[in-house]
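Below is one structure, written out as structure tokens; the observations come after it.
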Amino acid sequence: MHPGRTATRVNRFAALSTALALPALLSCSEPPEPLLGEWVSVGSERPPMTYIFEGEGRMKWVLDPESGPDTFPVAYQVDYRTDPILLDVGPWADGPLAGRTLFGIAEIQGPDRFVVDFEPADPDGDGSDRPAAFSDQAVTFVRKVN
């Protein structure tokens with residue numbers, strides 16, 4: 001075999017192997033849960049809020065009223081298989097939502113932006129109060145870059 005042809009075949013094989021492996025590499029780099037991390041509310045007349053999704057069903061809700069921030073740890077459940085995404089937060093142990101669960105819908109609008117709309121219910125509620133569509137009460141969050 002001619003040395004030039006062998007090099008060409010090897011280069012084509014290497015290019016093909018790289019092309020086939022690239023989607024696998026990209027899919028491995030996606031976060032297992034897109035909401036993990038720290039998010040800050042934007043575009044709202046309400047006081048700023050921060051959601052910190054820590055994984056394993058735990059998050060922190062940080063309210064930033066004029067008197068200083070308050071942090072409330074709480075459990076969450078998310079179902080990414082639905083459209084819109086189902087996001088339930090609670091039951092809350094303390095704070096302004098003590099004894100309640102928020103049943104919500106969410107839409108990821110890119111890697112650094114999502115919108116969520118909640119309806120509060122009792123801790124043993126069944127989620128039937130969940131919003132059917134996004135309302136003017138929906139809040140947009142952007143990923144906080146540290």
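Within the stretch 66-81, the set of residues being under 25 Å from residue 45 (Cα atoms) and among the small types (Gly, Ala, Ser) comprises 67, 68.
Can you tell me which residue in the stretch 66-78 is modelled with the highest pLDDT, limited to those that are among the hydroxyl-bearing types (Ser, Thr, Tyr) and in contact with a strand residue (DSSP E or B) (Cβ under 7 Å, 6 or more places away or on another chain)? Break it down into steps so the answer makes sense when it comes.
First, pick out the residues of the stretch 66-78 that are among the hydroxyl-bearing types (Ser, Thr, Tyr): 67, 71, 76.
Now restrict to residues that are in contact with a strand residue (DSSP E or B) (Cβ under 7 Å, 6 or more places away or on another chain): 71, 76.
Details: 71: 90, 76: 96.
Among those residues, the one meeting the criterion is 76.
Condition check for residue 78 on (1) within 18 Å of residue 57 (Cα to Cα); (2) free of Cβ contacts under 8 Å to residues at least 40 places away in the same chain: one failure, at (2).
Of the residues 58, 81, which single one is under 23 Å from residue 130 (Cα atoms) and modelled with pLDDT of 95 or more?
Numbers: 81 fails: modelled with pLDDT of 95 or more.
Checking each option against the conditions leaves just 58.
Just need a number here: residues in the stretch 85-143 that are exposed (fewer than 15 other Cβ atoms within 10 Å of the Cβ), modelled with pLDDT under 90 and outside any loop (DSSP other than H, G, I, E, B). Here the count works out to 1.
Just the residues that are over 19 Å from residue 48 (Cβ atoms) and surrounded by 15 or more Cβ atoms within 10 Å (Cβ to Cβ), please, taken from the stretch 66-84. It would help to see each step written out before you state the result.
Initial filter on the stretch 66-84 (over 19 Å from residue 48 (Cβ atoms)): 75-84.
Answer for the stretch 66-84, where residues must be over 19 Å from residue 48 (Cβ atoms) and surrounded by 15 or more Cβ atoms within 10 Å (Cβ to Cβ): 75, 76, 78, 84.
Would you be able to say whether some residue in the stretch 57-65 is free of Cβ contacts under 8 Å to residues at least 60 places away in the same chain, loosely packed, with under 12 Cβ neighbours inside 10 Å and either part of a strand (DSSP E or B) or not assigned by TED's automatic domain parsing to the domain that holds residue 139 (or both)?
Filtering the stretch 57-65 for residues free of Cβ contacts under 8 Å to residues at least 60 places away in the same chain gives 57-65.
Going one step further and asking which of them are loosely packed, with under 12 Cβ neighbours inside 10 Å, we end up with 57, 65.
So of that shortlist, the ones also either part of a strand (DSSP E or B) or not assigned by TED's automatic domain parsing to the domain that holds residue 139 (or both) come out as none.
So far as the stretch 57-65 goes, no, none of its residues is free of Cβ contacts under 8 Å to residues at least 60 places away in the same chain, loosely packed, with under 12 Cβ neighbours inside 10 Å and either part of a strand (DSSP E or B) or not assigned by TED's automatic domain parsing to the domain that holds residue 139 (or both).
Among the residues of the stretch 47-56, those that are surrounded by 12 or more Cβ atoms within 10 Å (Cβ to Cβ) and either in contact (Cβ under 8 Å) with a residue 24 or more places away in the chain or over 17 Å from residue 80 (Cα atoms) (or both) comprise 48, 49, 50, 51, 52.
The values are calculated or read from the model by the stated rules, or taken from the named source; none is laboratory data. The model shown is predicted, which means the values in this text are computed figures rather than measured ones. Note that each Cβ is placed from the backbone with ideal geometry, even for glycine, and that neighbours are counted across all protein chains shown.
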